[in-house]
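One structure is given below, encoded as structure tokens.
The values are calculated or read from the model by the stated rules, or taken from the named source; none is laboratory data. Note that the coordinates shown come from a computational prediction; the quantities given were computed from them, not determined experimentally. In this analysis, Cβ positions are derived from the backbone assuming ideal geometry, glycine residues included, and neighbour counts consider all displayed protein chains. SASA here: full protein model, heavy atoms, side chains in, ligands and nucleic acids out. Shrake-Rupley method; radii C 1.70, N 1.55, O 1.52, S 1.80 Å.
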Amino acid sequence: LAGMKAVADATVNRVLLARSGEVTWWGRTLHEVCLWRHQFSPFWSDYDLRREALSAGAYRRTDHPRYGRAVGDADRAARAALARLNGEPDAEGDRSFKADHFYAPKGVAQPPKWASVYPKTCIVGGHHFHTSRFG
């Protein structure tokens with residue numbers, strides 16, 4: 001759950017950067033940010049079949065403790081991110097420490113090129129988080 005929340009926070013950080021005018025290339029909404037080309041692998045066109053299979057398996061087996069918990073955790077992470085994005089007073093803080101990039105070392109053959117340039121902010125749930133803002 002902590003890793004999911006941190007990933008959601010990094011996504012929200014991109015929207016907040018766009019809203020502040022600091023960046024424009026990722027889009028100005030969560031929808032635009034998530035679907036921006038080559039940013040989030042679950043939204044890549046060649047990932048469609050895998051995403052559908054994972055999603056169908058998770059929703060079909062919500063009675064199974066492992067899958068049911070994953071769906072519930074994803075829902076909690078999304079709700080926390082939306083609360084933060086909407087500026088709700090009781091929203092949780094940014095678990096990614098202002099990151100706007102992340103990757104999972106177990107999911108890639110080698111780290112992305114930007115990982116050696118952008119400062120690492122933290123590691124949560126097996127994901128490495130980085131910020132493109134220096135300072």
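Structure notes:
- Estimated FRET transfer efficiency when R0 is 22 angstrom, pair Trp114-Ala2 (beta carbons, to 0.05): 0.45
- Accessible area (Å², 1.4 Å probe, nearest 10) - Glu32: 80 Å²
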